[in-house]
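Everything below concerns the one structure shown next.
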Amino acid sequence: MAVEELQSIIKRCQILEEQDFKEEDFGLFQLAGQRCIEEGHIDQLLEIIQNEKNKVIIKNMGWNLIGPVVRCLLCKDKEDAKRKVYFLIFDLLVKLCSPKELLLGLLELIEEPSGKQISQSILLLLRPLQTVIQKLHNKAYSVGLALSTLWNQLSLLPVPYSKEQIQMDDYGLCQCCKALIEFTKPFVEEVIDNKENSLENEKLKDELLKFCFKSLKCPLLTAQFLEQSEEGGNDPFRYFASEIIGFLSAIGHPFPKMIFNHGRKKRTWNYLEFEEEEDKQLADSMASLAYLVFVQGIRIDQLPMVLSPLYLLQFNMGHIEVFLQRTEESVISKGLELLENSLLRIEDSSLLYQYLEIRSFLTVPQGLVKVMTLCPIETLRKKSLAMLQLYINKLDSQGKYTLFRCLLNTSNHSGVEAFIIQNIKNQIDMSLKRTHNNKWFTGPQLVSLLDLVLFLPEGAETDLLQNSDRIMSSLNLLRYLVIKDNENDNQTGLWTELGNIENNFLKPLHIGLNMSKAHYEAEIKNSQEAQKSKDLCSITVGGEEIPNMPPEMQLKVLHSALFTFDLIESVLARVEELIEIKTKSTSEENIGIK
């Protein structure tokens, strides 16, 4: 019935001129053709399409059958004998139908699916799509529309993370990336071969460049790369990255100019009409490019070898800042790798303090602090800590001093402040061992820094438990200074400032310890009474209420807090004892001299 109906429509249209086809004819042709497919009359449908007499009809109306045929190809089993016939019909429709209508039809079919069907659809339709675009005159528009649609769909697919996930490629992203390169290559070659630099060619170049930059962000910004020793040349993302950078290099500016000029006032890509949102994304793309080149070594041989390590560090710091602002594990990890790669090229203490006047040289260590304190992944927290230490090591003395002041004022984290104070202690130690004192970690400059260290933020009311790491580190630094610096030498300026230190730090700490211990001893008493009655109750620890904790657990927490206070108190007592011994000894020496 469906075949007869289709043949009837075709007979009526055969006697009409192309321009006389009515909208009603298109609708009837589509419905009858679709019924032929649904009822399995595909051999008869193939014959109708192959019939030379129907060529004009198929050219104008056949594109309506692309959707039903493609859906059958996507849902039919590979073993299905009719699959070959579907492919023959599909190939004929691509060959005979109007390319303009086919382009829109194919792109609609690419946009339709979701989940794992996205990659199946793209892999099926990429080659026909390429064939159709090659027939069109307005190629730049068609290529831009196609690449934008493809990228939008691919960006919905999860990026495989581990080696196993990459090899399994469950969602087909790796296969699609490879196929996308083959799809794009002819258009890149067309731009390269066209020596006339016509307006159409420039437009095509722009569309290709936009696609390359988008690809640097997705999937390459989050994509993981296999170790080169284990990839055996089969890393799909490394291949994709290498080809994308190759495209950029071939159709854009010379490779070094492309990398190093972005971000300056006169930007390399200012002739590209990026939309505002795309323009913001360009920072992610350029950061991804820097990682691919400097860490993964892709196309690095195209860069001049005369670039100084300090220049490369300065160039990469802005990109590292972009990486550290993200929350994805793989992206943060890349920022840390790029920072390590850049810092290891530089000698210790060779990074001049003037570099800290560049915004990114302060925002990157602050970004490291955020990762150290907020990131839920332990390996990244530890790596960030190691990178902050490496960064500190590379700064000259004034740079270290400036960074320490900055982080003490901005970190708002007791553990980070303790880490900085330990670094200050190390710098003082090195300074005291030198023949010529380092002015930044002795005398008046050090006194100014100690004002940020040897004090309690809220006096006696400071939450000692929450600030215990910082307080212990400060006491250890003070103990070190008392032991190492004699009152008569006073290289560190400690003894001149001792009165202020006692008023701003030691006395409030005594009062705070007495108040805190009294509070926690009362909490222990309450908890013990609750344990007898077997009730659940809440307690306040470190300024925060912990509700409904079993009494035995409460007691454990409270005793742990008391232990911390006892530890602080014992170190405090030792510091005061050392101060007393030192001042008494100095007084006796001075009396002896008189």
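Below is a table of values for the structure above.
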item: Residue within the stretch 451-468 that is among the aliphatic types (A, V, I, L, M), open to solvent by 30 Å² or more (accessible area, probe 1.4 Å) and out of contact with any Ser or Thr (no Cβ under 7 Å at 6 or more places or on another chain) present; result: yes
item: Qualifying residues in the stretch 97-119 (those that are among the charged types (D, E, K, R) and touching a residue at least 12 places away in the same chain (Cβ under 8 Å)) - the one least open to solvent (accessible area, probe 1.4 Å); result: Glu101
item: Among the residues listed as Lys59, Lys84, the single one being within 30 Å of Thr149 (Cα to Cα), open to solvent by 60 Å² or more (accessible area, probe 1.4 Å), assigned to a helix (DSSP H, G or I) and modelled with pLDDT of 80 or more; result: Lys84
item: Checklist (1) modelled with pLDDT under 85; (2) hydroxyl-bearing (Ser, Thr, Tyr); (3) open to solvent by 80 Å² or more (accessible area, probe 1.4 Å) applied to Thr586, failing item; result: (3)
item: Extreme residue, nearest to Gln228 (Cα to Cα), among residues of the stretch 278-311 that are free of Cβ contacts under 8 Å to residues at least 60 places away in the same chain and charged (D, E, K, R); result: Arg299
item: Close pairs (6 angstrom Cβ cut-off, 6 or more residues apart or separate chains): farther than 14 Å from Ser330 by Cβ in the stretch 369-385, among the small types (Gly, Ala, Ser) anywhere; result: Val369/Ser411; Met372/Ser384
item: Which numbered condition Phe419 fails, given (1) more than 21 Å from Tyr480 (Cα to Cα); (2) of a type outside the set (Asp, Glu); (3) assigned to a helix (DSSP H, G or I); (4) open to solvent by less than 60 Å² (accessible area, probe 1.4 Å); result: (1)
item: Odd one out for Ser162 among (1) surrounded by fewer than 21 Cβ atoms within 10 Å (Cβ to Cβ); (2) closer than 16 Å to Glu108 by Cβ; (3) of a type outside the set (Phe, Trp, Tyr); result: (2)
item: Residue match in the stretch 399-407 (condition: surrounded by fewer than 18 Cβ atoms within 10 Å (Cβ to Cβ) and touching a Cys at 6+ places or on another chain (Cβ under 9 Å)); result: no
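Residue-wise test of (1) open to solvent by less than 50 Å² (accessible area, probe 1.4 Å); (2) modelled with pLDDT of 95 or more.
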site	(1), (2)
Leu123	no, yes
Thr131	no, yes
Lys135	no, no
Gly144	yes, yes
Gln153	yes, yes
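The values are calculated or read from the model by the stated rules, or taken from the named source; none is laboratory data. Bear in mind the structure is a predicted one, so any value in this text is a computation, not a measurement. Here Cβ is always computed from backbone atoms with ideal geometry, including for glycine, and neighbour counts include all displayed protein chains. Remember, those area values only see protein heavy atoms, side chains included, never the ligands or the DNA or RNA. Shrake-Rupley method; radii C 1.70, N 1.55, O 1.52, S 1.80 Å.
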